[in-house]
Amino acid sequence: MSERLEKPSDEVLRDKVLALEAGDVMKAYRGRPGCMCGCLGEYFVTEAAREDAGEETGYPYDDNQVDDGKVRRILQKIQREIRAGNPTVDIEDGLYYAYVENEAGSRCWAIYPWEPAKERLKERRARVAQAR
């Protein structure tokens, strides 16, 4: 019988996001709220995460989307909002991302940490190898 794991508390998830550095982020988003497929904004990846981010998303990232500085600034924006107690911060485990909107609800920023994505990619690669 498998053991059911409880979802970490919001405080634990906030602490995880506050401890992140830019190198821990696989991709970051800025744009308008909505579906977040990229049609309402832009995704950026770090140089180090570019290959994994492309594999995870299913398409390669263009050179103009590889920007460590923008990823760092988006992460810092989200961390500032968390420290300020911004009620529009949404943090999920599993998919594990952090999301924040401005007061007007017209702009949003999100980060996707790299570590959980590495686990999903590892599992996907194992399934593909097993299918061969």
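The values are calculated or read from the model by the stated rules, or taken from the named source; none is laboratory data. Keep in mind the model is a prediction, meaning the values are calculated, not measured. A quick note on method: Cβ atoms are made from the backbone with ideal geometry, for glycine too, and the neighbour counts reach across all protein chains shown.
Filtered by the rule that a residue be of a type outside the set (D, E, K, R) and either closer than 18 Å to ARG30 by Cβ or touching a residue at least 60 places away in the same chain (Cβ under 8 Å) (or both), the stretch 45-64 gives VAL45, THR46, ALA49, ALA53, THR57, TYR61, ASN64. Picking from residues in the stretch 13-23 that are in contact with a helix residue (DSSP H, G or I) (Cβ under 8 Å, 6 or more places away or on another chain) and surrounded by 17 or more Cβ atoms within 10 Å (Cβ to Cβ), the one that is modelled with the highest pLDDT is ALA22.
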